[in-house]
1. Is there a residue being in contact (Cβ under 8 Å) with a residue 60 or more places away in the chain and among the charged types (D, E, K, R) anywhere in segment A:64-80?
2. Mind checking which residues of segment A:156-181 are surrounded by 15 or more Cβ atoms within 10 Å (Cβ to Cβ) and either in contact with a Lys or Arg (Cβ under 6 Å, 6 or more places away or on another chain) or not in a helix (DSSP H, G or I) (or both)?
3. Would you check if B:Gly286 is away from every other protein chain (no Cβ under 14 Å) and free of Cβ contacts under 8 Å to residues at least 60 places away in the same chain?
4. Which condition breaks for A:Leu155 when tested against (1) within 29 Å of A:Thr31 (Cβ to Cβ); (2) within 14 Å of chain B (Cβ to nearest Cβ); (3) in contact (Cβ under 8 Å) with a residue 12 or more places away in the chain?
5. Mind counting the residues in segment B:158-189 that are part of a loop (DSSP other than H, G, I, E, B), at pLDDT 95 or above and of a type in the set (A, V, I, L, M)?
6. Among the residues of segment B:37-71, how many are among the hydroxyl-bearing types (Ser, Thr, Tyr) and outside any loop (DSSP other than H, G, I, E, B)?
7. Given the options B:Val27, B:Val74, name the one that is closer than 28 Å to B:Tyr2 by Cβ, surrounded by fewer than 20 Cβ atoms within 10 Å (Cβ to Cβ), in contact (Cβ under 8 Å) with a residue 60 or more places away in the chain and in contact with a helix residue (DSSP H, G or I) (Cβ under 9 Å, 6 or more places away or on another chain).
8. Could you tell me whether A:Arg126 is at negative phi and facing another protein chain (nearest Cβ under 9 Å)?
Amino acid sequence: MTAAAQVRARHAAVWRALGTVRDPELDEPLTDLGFVARCAVEGGSALVELRLPTYFCAPNFAFLMVADAHDAVAAVPGVVSAQVRLVDHFAAEAINRGVAARAGFAASFEGEATGELDELRATFVRKAVLAGTDRVCRALLGAGVDRERLPELTLGDVPAGADRDRLRERRRELGLPHGPGDPLIVDPDTGGPPRDVARHLGFARLTRASQEANSGVCRGMLRVRYPHRGEEEGGR
Amino acid sequence: MYEKDGEKYFVVDGHTHFWDASPQNWVEGQEEYAKGWIECFHAYQGLGPAETHWPIDRFQKYSEELMMHDLFEVGHVDVAIFQPTNLRQWYRNGFNTTETDAALAEKHPGKFRVNTYFDPREGDAGMKAFEERVRRYDCKGVKLYTAEWMGDSRGWSLKDPEASRYLEKCEELGVKNIHIHKGPTIWPLDKDAFDVSDVDYVATNFQGLNFIVEHVGLPRIEDFCFMATQERNVYAGLAVVVGGLMHARPKFFAKVMGELMFWLGEDKLIFGADYAIWEPRWQVEGFVDWNMPADEELSDFPPLTVAQKKKILGLNAARLYDIDVPEELRLEAPKVVEPVGVPNP
C-alpha cells in the first residue's frame, strides 16, 4: 500500500470508529447526526472536531460524546495521536481540556459536578431499550401480530433487521438478556417481565416519541446553525 | 379571536416575551454568553416557516409596535401572558424583565397578564422584592428558570427548602400559576439537566398551585408525562411543541400531541407562541387547520375535536388566569375529561 493509500484507509477507519460513538440521548451515531465537523488524518495523527446543535447543549452529554470519540479514535490501529475537540460550545474549553488530560467529568468541572456520568449514561440506555421495544413491537403489530401475544414472544420472533440488532445491542450493554430465545419484553430496570405490560408498552411508545422528537429538533437546529452541513462530513 | 369555518377561538398566548438582547445590553466580560444565548434562540426560529424568519438585529431587539402588531393585529391573540427571563448575569438591564413587560402591559390595558419570577438564592431581600412586584403588577403567576446562572451557581432546584418558602408566599399572595422552564446547564452539571422530579415534589406538596412545565419538559417528554399522570395540578406548556415541531417536523408533532392528549388530556395543555422566537399567527392558524394524520404509527390517537382545540388555544389558560371569556367564545357545556392513562391491551 502506498503512503497515500494508507492514510486514506486510516481515515476511513477513523470515520468508522466515529460511527460507533452515539449521542447518548438520541441513541444515534455522531456521524449520522452531522456532529462531526472535521475529521483529518495525517500520518499517525488524527484530528477530529465535533459540533452540536446549540451553544448551550447540555455539557454532560457533550462531555460523554467527546470522551467516547476520543477513546474510539485512539483505538484505531495506526493512530498514535488522537485529538478530539468540541467547537462552538460554551463549555468547549473545559471539556476539551478534561478529555485531553483524561481527567474525568468531575475534575473537568471542579465545583460544578459531583460525580461521573456512568449512571446518566445507563439511564439513557434504558430509555433506548424502551424506544427500541416500541420500534420492533410496532412492526410486529403492523404485520398482524395480536397485541395480547407480545409478552409470549422472544427476540428471535422479531424479523431480522437493524431495529432488532439495535435493541439486542442496547440490552447487552445493560447486562439484560439479549439472546434470540430471551423474552421480547423485559423491564429494563429488572430484566424480568414488566408488572403491567400495557402500561410498559405505552411508555415504550412515549419514550420513542420523545427520543424522535428530540432528534428532530436537534437535527433541525444543527441545519439552521450550519446551513452548509454535509460538506465537511467525511472530508479531510 | 380567530374565526375559521364558522368556529370562533378565544386565543390566550400563554408564553410571550419583550426582550432586549442587543449588544448595548450585553454585560462586559459576558458577551460570549449573551451572544450565544440570543443566537441559540434565533436558531430555534429557523424551525418555523421561512417567511416568518427575522434578521438577527431585529430579533435581538424589536419594537413595541411590532410586538403589538404581530400578536394582536395579525396574530389572533386576545390575551398574552408575559413570562420573564431575567438573565442579569449576561444582560445589563436584564433580558426580559417583569419591569419592562409591565411597562408595556400598562400601556395596553387588558391585553397582557404580567408574570414575575422568584429566585430562592436571593434570600430575604429577594422575598421582599418579590412580594412588592406581585402587589405592584398584580401577578397571578411566576416563571421560574431553575437553570439561571448567578455568580458561581449554575442553577437551583425546586426541592431546595428556600424554594418552598417562596411557594408558600405564592399561595398566600394568590400567585397560583407556577411556570417552570426546564433548561440546560442546571447545577450540578453531572445530573440530568431536564430532570422534572423537583416539579413532582412541589406539585405534591403544594396542591393549591398549578405547575405548568414549559416546553413540556422537552427533551424529556416521557419523564414529564410520567410525572404529570400522577399529579392533578401539573400542566403542559406547548411553547416549542407547536413552534418547533408543527412546521419543521409534522410527524413528530403529531406523535407528541397524541402522547400529550393521551397522558395529560385536553384540559391540561396550554398554548404558547413563545414570541419573538415564533410569531403566533402561523401557529394559531396552523393548529386550527391541523389534525392527526391517518398513519399506522398514529393509530392509537383519535383526531382532535374543535372543542379540544378551543381549550388548548385559550380556554384552559383563561381558566387558570381567571380571564373573562366573552359568552359566545365559551364552550357550551364544559366538562372535565380525565386522561386515558393507559392503552387498552
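The values are calculated or read from the model by the stated rules, or taken from the named source; none is laboratory data. Computed from a predicted structure; not experimentally measured. No Cβ is skipped: glycine too gets one built from the backbone with ideal geometry, and neighbour counts run over all protein chains shown.
1. Going through segment A:64-80, the residues in contact (Cβ under 8 Å) with a residue 60 or more places away in the chain turn out to be A:76-79.
Then drop every residue that is not among the charged types (D, E, K, R), which leaves none.
Within segment A:64-80, not a single residue is in contact (Cβ under 8 Å) with a residue 60 or more places away in the chain and among the charged types (D, E, K, R).
2. Of everything in segment A:156-181, those that are surrounded by 15 or more Cβ atoms within 10 Å (Cβ to Cβ) and either in contact with a Lys or Arg (Cβ under 6 Å, 6 or more places away or on another chain) or not in a helix (DSSP H, G or I) (or both) turn out to be A:Val158, A:Asp163, A:Leu174, A:Leu176, A:Pro177, A:His178.
3. Details: away from every other protein chain (no Cβ under 14 Å): yes; free of Cβ contacts under 8 Å to residues at least 60 places away in the same chain: yes.
Against the criterion (away from every other protein chain (no Cβ under 14 Å) and free of Cβ contacts under 8 Å to residues at least 60 places away in the same chain), B:Gly286 qualifies.
4. All conditions are met except number (2).
5. Final tally of qualifying residues: 1.
6. Number satisfying all stated conditions: 2.
7. Values: B:Val27 fails: closer than 28 Å to B:Tyr2 by Cβ.
Exactly one residue qualifies, and that residue is B:Val74.
8. Considered against the rule, which asks whether it is at negative phi and facing another protein chain (nearest Cβ under 9 Å), A:Arg126 comes out as no.
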